[in-house]
Amino acid sequence: MSPVHTRTKNTKNALWPSLLAPALHGSDALCAVSAHGVRVRYADGSELLDASSGLWNTNIGYGNEAIARAAADALRDASYLSVFRYENSYARAAAAALVELCGADTYGRVLFSTSGGAANDLVMKLARHYHALRGEDRRKLVVGLRGSYHGLTYGSFALTGEDLGQQVYGVDQRLIRHVDPNDPTGIRTLMERQGQMVAAVVVEPVLGSGAVPLTEEYVDELLRLRDEYGFLLVADEVATGFGRTGDFFASQRWSARPDLLVTSKGLTNGTGAAAAVIASHTVADAFDTAGAMLTHGETQAGTPVTCAVILATIAEMRRLDAVALGRALALRLDAELTRLVDEHPWVTGTTGVGCFRSLRLTTPDGEPLPQARVPELVAAIRTAGAIVHPGVHGIQLFPALTYTDAELTELMDRIRAGLALFTRGPIPAAVPTEVPA
């Protein structure tokens with residue numbers, strides 16, 4: 001039996017934050033107290049310009065009044081209603097809005113979840129059940145991409161193609177296969193060997209780790225292989241949805257639609273624990289025809305408050321013309337990042353698309369910036385007044401689509417100041433880099 005240790009009562013560090021080194025627990029410099037627009041205030045009194053849109057999810061900025069009113073009204077009028085063996089009118093309305101948004105010619109049903117990770121768990125169950133209904137019980141394999149990130153629940157953790165310690169946690173990956181992104185030969189070779197056992201291929205249109213977009217050639221090969229081998233193609237748009245890459249959803253630029261589309265981060269503008277899986281008519285009809293019930297449910301999925309803010313977020317995105325704002329911002333951001341590459345000897349490249357970008361750095365000896373130094377870089381930029389996300393050999397930027405010209409200029413000035421501080425000498429790290437959002 002493990003001993004129970006007692007100590008003097010102290011609740012200051014009662015919070016156990018996610019993915020933060022224990023030495024940094026309780027730091028007022030990392031304890032946010034309020035946020036408005038694109039700025040976050042911390043318990044130590046500092047106010048920082050946020051270039052990460054929260055955790056890539058406040059796509060139209062903090063403190064939107066219409067979204068706040070929608071949440072308050074729903075909490076007052078229908079504090080909790082379930083979609084577990086029931087329906088509710090809020091969930092019906094939000095589902096209809098999402099089907100319309102994604103395209104009712106392709107999509108017909110929506111399943112609500114509470115996070116991107118949980119939604120990817122749902123997707124894997126849904127794909128396997130779909131094939132079982134069609135008499136193909138052997139289709140259990142799910143294919144992901146190396147370097148991908150799909151979440152940290154057990155199913156999505158298994159699907160994640162980056163080594164984040166899955167073995168330590170006993171994550172079972174026996175029914176998962178990983179292939180290299182943007183390598184048509186690799187995915188075709190896998191299908192030639194095991195295609196008849198593949199239930200689904202799940203891809204991020206832009207890999208969250210490193211902001212690497214899938215090429216048109218690669219997506220077209222996935223679509224051809226789907227037609228040839230019969231698996232479901234899933235677009236994990238948890239991070240890319242709601243205007244982040246220049247369209248409401250990145251997969252809208254594909255030559256054909258995915259069978260399942262997953263969205264979460266921008267879905268409520270970061271105000272609720274919500275995700276949605278939008279299912280094609282083909283998938284939904286298989287369940288309806290068989291009268292089959294999918295075994296999945298989450299207590300807090302599809303509640304009135306989350307569905308009310310989904311509806312309000314969609315309405316505000318349209319009112320602000322946020323997708324167009326994001327496209328215009330992306331052009332300015334691209335010019336600024338290109339200029340930074342040209343002027344700073346350590347900054348050697350930028351990847352990504354739209355307002356989903358990364359900066360890659362090398363050291364003076366020409367080697368990629370070691371990952372161990374990325375926290376120091378993030379801390380230096382934070383000291384200069386901006387919040388950026390750790391990336392592969394550098395940083396990642398996810399500004400709100402509503403950034404003004406003046407705010408973008410201010411952001412780039414702070415990033416330059418942080419880079420200058422970083423190149424002068426060691427800075428104590430303030431954030432981890434092992435796991436993306």
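The values are calculated or read from the model by the stated rules, or taken from the named source; none is laboratory data. These numbers come from a predicted model, not from an experiment. Here the Cβ positions follow ideal geometry from the backbone for every residue, glycine too, while neighbour counts run over all protein chains shown.
A few points about this structure:
- Enumeration of residues in segment 98-113 that are within 21 Å of the chain's Cα centre (by Cα) and part of a helix (DSSP H, G or I): Leu98, Val99, Leu101, Cys102
- Sole residue being in the same structural domain as Ala276 (by TED's automatic domain parsing), in a loop (DSSP other than H, G, I, E, B) and within 25 Å of Thr295 (Cα to Cα), chosen from Val171, Val142: Val171
- Residue within segment 174-195 that is out of contact with any strand residue (DSSP E or B) (no Cβ under 8 Å at 6 or more places or on another chain), in contact (Cβ under 8 Å) with a residue 12 or more places away in the chain, buried (at least 22 other Cβ atoms within 10 Å of the Cβ) and not basic (Lys, Arg) present: no
- Residue identified as over 30 Å from Glu100 (Cβ atoms) and either assigned by TED's automatic domain parsing to the domain that holds Val206 or without any contact (Cβ under 8 Å) to a residue 40 or more places away in the chain (or both) among Thr303, Thr351, Thr313, Thr362: Thr362
- Considering the conditions (1) outside the structural domain of Leu411 (by TED's automatic domain parsing); (2) in contact with a helix residue (DSSP H, G or I) (Cβ under 9 Å, 6 or more places away or on another chain); (3) small (Gly, Ala, Ser), Ala29 is excluded by exactly one of them, (1).
- Residues of segment 24-38 that turn out to be more than 22 Å from the chain's Cα centre (by Cα) and more than 15 Å from Ala379 (Cα to Cα), as a count: 4
- Filtered residues of segment 47-91 (kept if free of Cβ contacts under 8 Å to residues at least 60 places away in the same chain, surrounded by 12 or more Cβ atoms within 10 Å (Cβ to Cβ) and assigned to a loop (DSSP other than H, G, I, E, B)): Gly63, Glu87
- Boolean, Ala132 is aliphatic (A, V, I, L, M), part of a helix (DSSP H, G or I), in contact (Cβ under 8 Å) with a residue 12 or more places away in the chain and assigned by TED's automatic domain parsing to the domain that holds Arg188: no
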